[in-house]
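Peer 1: The structure's right below; bear with me while I get my questions together.
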Amino acid sequence: MNIILLGPPGAGKGTQAAMLVKERNMIQLSTGDMLREAKTSGTAMGKKVAEVMDRGELVTDEIVIGLIREKLEGDKKGGFIFDGFPRTLAQADALDALLSEQGETLDAVIEMQVNDEVLVSRILNRAAEAVAAGGEARADDNEESLKVRLMAYYKQTSPLIGYYHAKGQLSSVDGLGTIDAVTADIAATLK
Ligand code: ADP
């Protein structure tokens, strides 16, 4: 089973993906994590995308599609969870093509609904907690970049909701409940 977790920054996609990995032996493909890894390891691509990411804008479709392509070729285990990908209609088309090349299908798209005030406070809390724990906040977890990330979501990513709805693949869950409640809603959707 291959699924997409769709939702704005701070909706809890990564948290729920981790639950699905544990419970269903699925593979989490987070383009955000892959890009941050490229950034810290200082690869040419990482250097190229660093400023764009820190500002909160989307990196090019070509780069993220390339990252996903590589991962789809390996072991598929219990299936893929696409977390933070696709984020544009071009990425959605590319994913369709990549999955069919692999003889795979997209089985569900789960939209996690959360309101903006909650998103902002969740992300600013995450940043404060990271600092309090002696670490560093994500470079894009600040108010200014967050505004840009939210705008990128509404402008470039939210059209995917209508697209997958029209294809009959969309389910929506309330992302405001406890982690366990959201996990249960997602499990019910996937039955
Ligand atoms: P969040 O969902 O909290 O905004 P992510 O970790 O998914 O965070 O993404 C962080 C940043 O990485 C994005 O703001 C963007 O710059 C880049 N990024 C991640 N995935 C994509 C994607 N599919 N397309 C373009 N840029 C992406």
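The values are calculated or read from the model by the stated rules, or taken from the named source; none is laboratory data. Nothing here was measured: the structure is a model prediction, and the numbers come from that model. Note: ideal-geometry Cβ built from the backbone for every residue, glycine included; neighbour counts use all protein chains shown. In case anyone asks, the SASA skips ligands and DNA or RNA and just uses the protein heavy atoms, side chains included. Shrake-Rupley method; radii C 1.70, N 1.55, O 1.52, S 1.80 Å.
Peer 1: With only Lys, Arg, Asp and Glu charged, each at its Cβ (+1 for the first two, -1 for the last two), find how big the charge dipole of the chain is about the Cα centre; round to the nearest 20 debye.
Peer 2: Details: 21 positive and 29 negative charges, 26 e Å.
The calculation lands at about 120 debye.
Peer 1: Charges on Cβ only, +1 for Lys and Arg, -1 for Asp and Glu, centred on the Cα centroid of the chain; of ASN142, VAL131, ILE63, which one is farthest towards the dipole's positive end?
Peer 2: Comparing the listed Cα positions along the dipole, ILE63 ranks first.
Peer 1: Within the chain, what's the longest run with no GluC sites (Glu not before Pro) in a DSSP loop and at most 16 other beta-carbon atoms within 10 Å? Give the range, please.
Peer 2: Working: sites that count: GLU57, GLU73, GLU104, GLU136.
Result, exposed sites excluded: 1-56.
Peer 1: Can you give me the Cα centroid spacing of region 20-67 and region 140-191 in angstrom?
Peer 2: 18
Peer 1: Just to confirm, what accessible area per residue do you get for the chain at 1.4 Å probe, in whole Å²?
Peer 2: On the way: 9700 Å² over 191 residues.
It amounts to 51 Å² per residue over the chain.
Peer 1: Quick one: accessible surface of VAL173, probe radius 1.4 Å, all protein chains present, in square angstrom to the nearest 10.
Peer 2: 10
Peer 1: Considering only protein heavy atoms, with the full assembly of protein chains and a 1.4 angstrom probe, order ASP140, ASP174 by accessible area, largest first. Intermediate results must be reported in sequence, preceding the final value.
Peer 2: Numbers: ASP140 20, ASP174 85 Å².
These residues rank, largest area first, as ASP174, ASP140.
Peer 1: Shifting gears a bit: Calculate the radius of gyration of the Cα atoms of region 1-105 to one decimal place, then report Dmax, the largest Cα-Cα distance, as a whole number, both in Å.
Peer 2: Rg, Dmax (Cα atoms, Å): 13.5, 37.
Peer 1: Once you've got the GNM for the chain with C-alpha springs shorter than 10 Å, pick whichever of LYS39, LYS48, LYS167 has the biggest mean-square fluctuation.
Peer 2: Residue with maximal mean-square fluctuation among LYS39, LYS48, LYS167: LYS167.
Peer 1: Which of the pairs LYS13/LYS77; LYS39/LYS77; LYS13/LYS71; LYS22/LYS77; LYS47/LYS76 have their Cα atoms more than 22 Å apart in this structure?
Peer 2: Values: LYS13/LYS77 20 Å; LYS39/LYS77 27 Å; LYS13/LYS71 19 Å; LYS22/LYS77 12 Å; LYS47/LYS76 29 Å.
LYS39/LYS77; LYS47/LYS76, as the Cα separations exceed 22 Å there.
Peer 1: Over the chain, what lengths in whole Å, largest first, do the semi-axes of the equivalent ellipsoid take, defined as the square roots of 5 times the eigenvalues of the alpha-carbon gyration tensor? Can you show the working numbers first?
Peer 2: Values: eigenvalues 117, 86, 54 Å².
That gives 24, 21, 16 Å for the three semi-axes.
Peer 1: Looking at the square roots a ≥ b ≥ c of the eigenvalues of the Cα gyration tensor of region 138-184, which shape do they give, rounded for a/c under 1.5, prolate if a/b is larger than b/c, or oblate? Before the final figure, lay out the partial values.
Peer 2: Details: a/c = 3.70, a/b = 1.24, b/c = 2.98.
Taking the square roots of the gyration eigenvalues as a ≥ b ≥ c, region 138-184 is oblate.
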